[in-house]
Every structure is written in structure tokens, then in C-alpha cells.
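The structure appears below as C-alpha cells.
Values in this text are rule-based calculations from the coordinates and carry no lab data. Here the structure is a predicted model, which means the values were calculated and not measured. Glycine also receives a Cβ, built like all others from the backbone with ideal geometry; neighbour counts cover every protein chain displayed.
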Amino acid sequence: MKRFAFLVALCFALSAWAGAQPNDVVILNRVFNDDSDSITNHLKNLPTVILSDTKVDGDGRAPEFANRHVWFVSADGVNPLQIPLDVEWVLEYDLTLTGSPVSPRKEAGGFARIGMPWGYSELQFMVNTDAHEVVAFGYPFPFYRFSLSYNSGDTIHLGIRFFKDTDGKYKVIYMANELSSPALALSDQSIIVQKNWITPGGYLQVNIQAGNPANGGTAVFGNIKWNGRLLRRTFAISGNIELRDFEGDVTQVPVGVELRQGGVAVRTETLFTDSSGNYVIGDVAPGTYDVAFKPSHWLRTVVPNVAVVDADVTGVDVSLTNGDIDGDNEVTLFDFGALVAAFGAVPGHPDWNPNADLDGDLDVTLFDFGILVRSFGALGDE
Ligand SMILES: [Ca+2]
Ligand SMILES: [Ca+2]
Ligand SMILES: [Ca+2]
Ligand SMILES: [Ca+2]
């Protein structure tokens with residue numbers, strides 16, 4: 001039992017990493033650029049990334065091996081995100097690689113850079129169009145080959161899980177469709193911890209075919225998921241909540257918040273404001289929301305049609321009616337009854353009901369009664 005509790009605590013510590021979380025990617029064009037006059041056509045439309053390169057027939061200058069393009073997870077869309085090695089993560093997507101023609105080689109798949117004392121090393125977890133492989137390699141990552149045959153145009157689900165195992169070693173599990181590799185340790189663990197970062201993503205490589213301007217390849221990475229969640233740029237909704245007729249500490253008032261789409265709550269949480277009533281709802285995916293606010297003994301207010309497009313939304317302010325002691329979103333005789341039952345009580349008294357202390361002065365008095373009378377008969381938003 002103790003061990004279990006310890007593991008739970010450990011998992012919580014890992015998931016509670018305070019650093020920036022990936023919610024975007026950055027594309028690095030021409031990491032290999034042996035054909036500088038090819039035509040690239042990359043697209044970022046999360047959770048999809050498309051890397052494409054055509055007219056890969058060489059540029060007449062050595063070397064004439066290949067072009068390679070990479071994307072990495074990012075928190076700002078500009079910089080690849082360096083993730084500390086102790087943070088567990090899973091990156092997965094549905095990959096469709098098309099080569100025209102299938103030979104010479106077109107390859108694509110998972111990619112990662114890991115910090116090394118001399119810079120970095122790289123993982124390739126590739127499918128290819130000519131040898132039909134599904135294979136992972138690249139020092140210090142473990143080699144693994146799946147018993148799968150890949151053909152140009154196939155869609156394959158690929159994933160990489162990176163974690164620190166209970167034996168203290170950093171390991172990966174490669175996933176391809178329904179198959180998974182064993183947990184495989186990286187080599188030279190004492191070296192990789194010196195820089196302590198890894199940046200995962202994906203890549204496309206198109207080998208040059210001299211004399212064939214039609215030579216090219218396209219890799220579609222669809223449904224990119226980070227820790228099981230579709231990777232999308234997210235934004236914050238913020239504003240001010242005025243808790244009317246209240247002189248207590250607003251930072252201690254739990255505010256139930258719902259983000260609704262089409263009348264359905266897609267996200268429910270409890271937040272607390274700062275001492276001025278300001279709040280922030282972070283990590284909101286683009287979309288149009290009705291935002292519902294229901295603090296303990298105030299009536300619900302819904303702000304309709306808050307559109308999150310491509311930037312943080314500010315100024316979603318509400319002013320809420322006080323008096324709903326029993327929390328049923330109306331101010332009625334039941335609230336009056338609850339106030340009477342708590343009348344004269346202070347914290348610690350058996351009759352004390354914090355929701356009957358409408359004005360927050362830690363006493364249930366005629367002042368609370370006055371608030372209830374002013375709000376009497378009011379209904380909150382649905
Ligand atoms: Ca060249
Ligand atoms: Ca060319
Ligand atoms: Ca009520
Ligand atoms: Ca009071």
C-alpha cells in the first residue's frame with residue numbers, strides 16, 4: 001500500500017510539471033537541403049501537419065543525397081520545446097507517407113532531438129516507401145523493428161512514449177498501429193542527463209532522383225496527440241467577476257465555471273479570482289462558447305457566444321446577484337428559511353452556514369436578510 005501511494009505521488013509529481021506544455025508545433029524547413037531549388041509546401045493546421053517536397057531532382061551542387069524537413073512540439077509556435085527528461089510524455093499521430101515514385105526512398109515518421117554535451121543526437125522512427133520498413137534507430141535511442149510492411153499511401157498510427165522507469169532509467173516504447181515495443185532503455189544515460197532535454201516531433205525525407213523533376217514526397221501527420229489529447233493551439237479567457245453585496249475575502253469564494261458548446265458543458269471547473277475579482281480560464285481550444293459562472297450563493301450568469309479564434313479573449317466580465325443560500329439558482333422562501341435557521345450564528349456555532357452569510361462578515365445578521373430581500377424572486381440563467 002505504501003508503495004502504491006508512493007507511485008501515485010510520483011505520477012502526480014511527473015504530471016504536475018510546471019513548465020510550458022506543448023500546444024503548438026514549429027516546422028523546420030530544409031534541415032537537409034541538398035536540393036535547394038525543390039518546391040516545399042508545408043502546412044500547419046493542428047492537429048494536422050503536412051510536410052511536402054517536390055521537384056527533388058538535385059540542384060547540380062554536391063552533395064545530392066536528400067532533403068529533410070522536421071516539425072517539433074512547441075509552446076509558442078516559434079521555438080522547439082525542450083522537455084526535461086523526468087517528464088513523461090506520449091506523442092502519437094496517424095501518418096500517411098506518399099512517394100512519387102516510391103523509389104528512391106521517401107521516409108517519414110517520428111523524430112526527436114536529445115541534448116548531448118556536444119549539442120544533440122537524433123531519433124528517427126521511420127516508415128519508408130522502398131524497403132517497406134517500420135523501424136526506429138539513432139544513438140542513443142534503442143533500435144527496434146516492427147513486423148509490419150509499409151507501403152506508400154498507407155496510413156499508420158505511430159507513437160512514442162518516453163518515461164523514467166522505476167529502475168531509474170530513461171526508456172522509450174515505440175507504438176505502431178496496435179503493436180508496442182517493450183520498454184527499451186536509452187544508452188549512455190549518464191551522458192543524456194547532463195543536458196537533460198528532449199524535443200520530439202516528426203520528419204519527412206525525400207531522396208534526390210537526378211533527372212526526374214517529378215520526384216517528391218508528402219507526409220501527412222493527422223490527429224497529432226500529446227498525452228492523449230489532440231495538439232491544438234489554445235488560448236485564455238479572462239475577465240472580472242463582481243460578487244455583489246459582499247465584503248468578505250473574494251479569493252476564498254469558489255466559482256463554478258462551465259464552458260458550453262451547443263448547450264453541452266464541454267468543460268467544468270471551479271476557479272478562484274484574485275482579490276480584485278479577476279479570473280483566467282487557460283488552455284481553451286478555438287471555438288465559440290457560452291461561459292456560465294455560478295459561485296456558491298450567487299445566481300448563475302451565462303455570457304453567450306464568447307468566440308476564441310486566434311488570440312486570448314479578455315473582458316468577459318460578470319456581475320452576480322447575491323442571495324441563493326441553498327444553491328438552487330433562485331432566491332426563494334427556501335433561502336429565507338436557510339437564513340432564519342442560521343440567524344445569529346458565527347463560525348464554529350452549530351447553526352453556522354457560510355452560504356447564509358451573504359455579505360461575508362462572518363455573522364448571519366439583518367444585513368444578510370436585507371440582501372436576500374433585495375434579491376427575492378430573482379432567477380439565475382439556466
Ligand atoms: Ca545539392
Ligand atoms: Ca531540384
Ligand atoms: Ca435558492
Ligand atoms: Ca453576514
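Relative contact order, percent, of region 235-375 when contacts are C-alpha pairs under 8 Å separated by at least 6 residues? Mind showing how you got there, number by number?
Numbers: 311 pairs, mean separation 35.3, N = 141.
RCO, region 235-375: 25 percent.
For helix 333-342, report the angle its Cα long axis makes with the longest principal axis of the Cα atoms of the chain; keep it between 0 and 90° and round to the nearest 10°. Orientation of helix 333-342: about 80 degrees from the principal axis. Angle, helix 2-15 long axis vs. longest principal axis of the chain, Cα atoms, 0 to 90°, nearest 10? Rounded to the nearest ten degrees, it is 80. For the pair Phe272 and Leu366, label points projected 7 Å from Cα toward Cβ lie 3.4 nm apart. For the chain, the 222 nm mean residue ellipticity estimated from helices alone, with every DSSP H stretch of n ≥ 4 adding -39500 (n - 2.57) and the total spread over all residues, rounds to -3000 deg cm²/dmol.
Can you tell me the FRET efficiency between Ser180 and Leu28 if r is taken as the Cβ-Cβ distance and R0 is 35 Å, rounded to the nearest 0.05?
Values: r = 28 Å, r/R0 = 0.81.
FRET efficiency, Ser180 to Leu28: 0.80.
May I ask for the equivalent-ellipsoid semi-axes of region 218-268, computed as the square root of five times each C-alpha gyration tensor eigenvalue and listed largest first in whole Å?
On the way: eigenvalues 276, 34, 21 Å².
Equivalent-ellipsoid dimensions as semi-axes: 37, 13, 10 Å.
Its Kirkwood hydrodynamic radius, worked out from the mean inverse distance over all distinct Cα pairs, puts the chain at 24.6 Å. The 3J(HN,Hα) values that the Karplus relation (6.51, -1.76, 1.60; θ = phi - 60°) gives for region 364-373 are, in residue order, 9, 9, 5, 5, 5, 4, x, 5, 4, 4 Hz. Gly and Pro appear as x.
As an exercise, use a Förster radius of 25 Å and the Cβ-Cβ distance of Ser147 and Lys169 to find the FRET efficiency, rounded to the nearest 0.05. Kindly include the intermediate steps, with their values, before the conclusion.
On the way: r = 26 Å, r/R0 = 1.02.
Efficiency for this residue pair is about 0.45.
Couplings 3J(HN,Hα) of region 57-74, computed from phi: 10, x, 10, x, 10, 5, x, 10, 9, 6, 10, 9, 10, 9, 10, 10, 5, 8 Hz, in residue order, whole Hz [Karplus 6.51 cos²θ - 1.76 cosθ + 1.60, θ = phi - 60°; x for Gly and Pro].
The H on the amide N of Gln82, modeled in the peptide plane, is under 5 Å from the matching H of no residue at least 5 residues off or on a different chain.
Each principal axis of the Cα cloud of region 235-375 was taken in turn, and the coordinate range along them, longest first, works out to 51, 28, 24 Å.
Cross-link pairs exceeding 27 Å in C-alpha to C-alpha distance, out of Lys169/Lys195; Lys164/Lys225; Lys106/Lys169; Lys44/Lys169; Lys106/Lys225; Lys171/Lys195, comprise Lys106/Lys169; Lys44/Lys169. With the simple model of a label 7 Å out from the Cα in the direction of the Cβ, Tyr120 to Asp351 spans 6.8 nm.
What dipole magnitude, in Debye to the nearest 20, does the chain give about its Cα centre under +1 on Lys/Arg Cβ and -1 on Asp/Glu Cβ?
Values: 26 positive and 47 negative charges, 407 e Å.
Charge dipole, the chain, about its Cα centre: 1960 debye, nearest 20.
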